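Nothing in this text is a laboratory measurement; each read-out follows from the coordinates by a stated rule. Just so you know, these numbers come straight off a predicted model, no measurement behind them. Using ideal geometry, Cβ is built from the backbone for each residue, glycine included, and neighbour counts are taken over all protein chains shown.
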Amino acid sequence: MENMSDNLYALIAAQFPADPAAVFLDVESGPPLLYRDIDRRAARIATALAAHGAMAGDRVVAQVDKSPDAVMLYLACLRAGLVFVPVNTAYTAQEVAYFLSDAEAAVFVCRHSDSETAEALARKTGVGAVVTLGDGSGSLLDAAGTAPAAADVAARSADDLAAILYTSGTTGRPKGAMLTHGNLASNALVLRDYWGFTGGDVLLHALPIYHVHGLFVALHCALLSGARVIFQHGFAAERAIARLSDATVMMGVPTYYTRLLDTPEFTAEAARNVRLFISGSAPLLEETFAAFEARTGKRILERYGMTEVGMACSNPLDGERVAGTVGFALPGVSVRIADEAGREVPRGGVGVLEMTGPNVFSGYWRLPDKTAEEFRPDGFFVSGDMATIDETGRVSIVGRAKDLIISGGLNVYPKEVEQCLDALPGVRESAVFGIAHPDFGEGVTGAVVPDGSAELDPEALLAGLADTLARFKQPKRLFIVDELPRNAMGKVQKNALRDRYTNIYTG
Ligand code: MLC
Ligand code: AMP
């Protein structure tokens, strides 16, 4: 039975602080967003979306810059029972077209500067309406400014969709992970309590808000505790350091921590008020953990998650934080290590990490076969990460069963990049792989075999990817080779390529 309180928005609104002056988003310029203004603004944006024909359950695709308005758009979608589909602002029009048509978007919210391209995309993909999120004509906020507030929070059950987040995959074709109100609410409550968030916390937020980390993990912890958020437009070490003394918690991908450590102004004094530095989305090197502790006297808390499951494991707030591990399964989450056939391996053994819990997504949007492939019959989701669990239950991620590169906390599936390279004139085949990179953790790297029809130039090949692939997916280095190393079965040996190019970024 539907229960209004299963709408995540209702849970969030129930935690708004009583203090009318309480700040939610403390922005770099302009007035802060106060907690007391959230509901009225969300209700008005909800009305404006409804005026464009968006009804509960419809998808709203948003490719917008990080701003308080973008956060309000998310909250308005929750409130109205709309399914929020955030899209990385780095994605090209070609990439976005896929999401728009696959999600059958009712409304596409874009940047003002993209409105012409967006209109064309919308016509091509059958999207109902295109609106912008800024000043000027066609702005959703203009319409919302004069709109009456939508009356009620939409009734939603825990199983209703709150968001779809697209992740790529080993087939090179993006798939939409369906996250329900129940998934997001359960994970948010667990994290708030596990990490000890209170209304006295101040969160330094420099992450993008189109992925799980910045959108759900960070913002939900703040919203469910009435905490203040120092809301920065992207990560820059100097700007982060300038506000760090006001913060009690910081969340980031490992690149944020290595960039802080590369900045001499980042000192123990600068970090003194921060009770918790949290890292995730990519492996935190043990040397980074150690250097951070040596510099600040604080031990970074590493946690592990995925778009499909939110957060699954975390080092403890009070107990020992061990470098190179991601801690314990969070309350309510069960984890196990299995072999390829799904048989559990003995404690201490290495295998694929599988998990289940109220946080685990309800499947890939309109891909029931793909969904079935990634779940075991007893409901455990197969992560594709290689891991081991020690006798105390502590989990360490030791590798990946999936062919995936994580660059600066962003996933890049080699297959997708290879397909784009292979489609360029003069290319017979290609292989894309990750090489250790001092800033991004892994640098996307490619080897290309010419088909002999033309002389290939790495620069020209990279230019040929500009319109098809987001910048962060484009190889940082490309090598022209006579052939790709293969094993007896004809399979490309990416390990051999990784060995061949091992020092190209670290010198
Ligand atoms: C930007 N570039 C990247 C990149 N980000 N290249 C590779 N990998 C990245 N992650 C490109 C830029 O387009 C630019 O290209 C060049 O690299 C240098 O840009 P920059 O100015 O140094 O980049 P910057 O804007 O500083 O961005 C780097 C970053 C950012 C690390 C700060 O990517 C970031 O905030 N990453 C966090 C991503 C995130 O939130 N992940 C969570 C996913 S959720 P050029 O050549 O034009 O100069 C998830 C689940 C979980 O994974 O567990 O949390
Ligand atoms: P995404 O699909 O963008 O949500 O990325 C999820 C992937 O990020 C996981 O499957 C892991 O491979 C990786 N990941 C997230 N957190 C960690 C971590 N702490 N250590 C190692 N890998 C991580």
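Amide H of Val64: which non-local residues (sequence gap of 5 or more, or other chain) have their own amide H closer than 5 Å, using H built in the peptide plane?
Distant-sequence amide H within range of Val64: Val87.
List Phe231, Phe266 from most exposed to least, where exposure is judged by having the fewest other Cβ atoms within 10 Å. Spell out each step's value before the answer.
Details: Phe231 26, Phe266 21.
Ranking Phe231, Phe266 by Cβ neighbours within 10 Å, fewest first, gives Phe266, Phe231.
With +1 on each Lys and Arg Cβ and -1 on each Asp and Glu Cβ, and nothing else charged, work out how big the dipole of the chain is about its Cα centre, in Debye to the nearest 20. Spell out each step's value before the answer.
Working: 45 positive and 61 negative charges, 88 e Å.
Roughly 420 debye, rounded to the nearest 20.
Mind checking which aspartates and glutamates have their C-alpha under 16 Å from Lys494, skipping anything on the same chain fewer than 8 residues away?
Cross-link targets: Asp403, Glu416, Glu418, Glu429, Glu442, Asp482, Glu483.
Show me 124-132, 25-33 ranked by packing, highest mean number of other Cβ atoms within 10 Å first. Working shown, then result.
Numbers: 124-132: 18.3, 25-33: 14.8.
By packing density, highest mean first, the sequence is 124-132, 25-33.
Could you check the simple spin-label distance between Thr502 and Lys124, using points 7 Å along Cα→Cβ, in nm with one decimal?
Reported label-point gap for Thr502 and Lys124 is 4.4 nm.
Along Cα→Cβ, 7 Å out, is where each label goes; now give me the distance between the ones at Arg295 and Gln15 in nm to one decimal.
Calculated label separation equals 3.0 nm.
Could you tell me the center-to-center distance, by alpha carbons, between segment 100-163 and segment 446-460 in angstrom?
Cα centres, segment 100-163 to segment 446-460: 42 Å.
Could you list Tyr501, Tyr74, Tyr91 so that the one with the fewest beta carbons within 10 Å of its beta carbon is first and the one with the most is last?
Ranking Tyr501, Tyr74, Tyr91 by Cβ neighbours within 10 Å, fewest first, gives Tyr501, Tyr91, Tyr74.
In what sequence do Met386, Met311, Met489 fall when counting other Cβ within 10 Å, fewest first?
Values: Met386 17, Met311 25, Met489 5.
The most exposed by this proxy come first: Met489, Met386, Met311.
Can you tell me the relative contact order of the chain? Whole percent, Cα pairs under 8 Å, sequence separation 6 or more.
On the way: 1122 pairs, mean separation 60.5, N = 507.
The value is 12 percent.
Can you tell me, using C-alpha contacts under 8 Å and at least 6 residues apart, the relative contact order of segment 35-156 as a whole percent?
Numbers: 217 pairs, mean separation 41.0, N = 122.
Here the relative contact order equals 34 percent.
Counting other Cβ atoms within 10 Å of each Cβ, which GluC sites (Glu not before Pro) in segment 303-370 have at most 16 and sit in a DSSP loop? It would help to have the intermediate numbers written out before the result.
Details: sites: Glu308, Glu320, Glu340, Glu344, Glu354; in loops: Glu308, Glu320, Glu340.
Within segment 303-370, the qualifying GluC sites (Glu not before Pro) (loop, at most 16 other Cβ atoms within 10 Å) are Glu320, Glu340.
Per residue of the chain, what 222 nm ellipticity follows from adding -39500 (n - 2.57) for every DSSP H run with n ≥ 4, rounded to the nearest 500? Display every interim value, and only then the final one.
Working: 15 runs with 141 residues, N = 507.
So the calculated ellipticity at 222 nm is -8000 deg cm²/dmol.
What residues qualify as long-range amide H neighbours of Ala162, i.e. H under 5 Å apart, gap of 5 or more or another chain, H built at 1.01 Å from N?
Leu179, Thr180, His181
Within straight cross-link reach of Lys491, meaning Cα distance under 29 Å, which lysines are found once same-chain residues fewer than 8 apart are removed?
Straight-line reach from Lys491, under 29 Å: Lys175, Lys370, Lys402, Lys415, Lys473, Lys476.
Length gain on complete extension for the stretch Asp467 to Met55, per 0.36 nm per residue less the alpha carbon to alpha carbon distance?
Details: separation 412, 0.36 × 412 = 148.32 nm, distance 3.32 nm.
Here the segment from Asp467 to Met55 would lengthen by 145.0 nm.
Figure the gain on full extension for Thr170 and Gln493 (residue separation times 0.36 nm, minus the Cα-Cα span) and round it to one decimal in nm. All intermediate terms of the calculation are to be shown ahead of the outcome.
Values: separation 323, 0.36 × 323 = 116.28 nm, distance 1.60 nm.
So the chain would gain 114.7 nm between Thr170 and Gln493.
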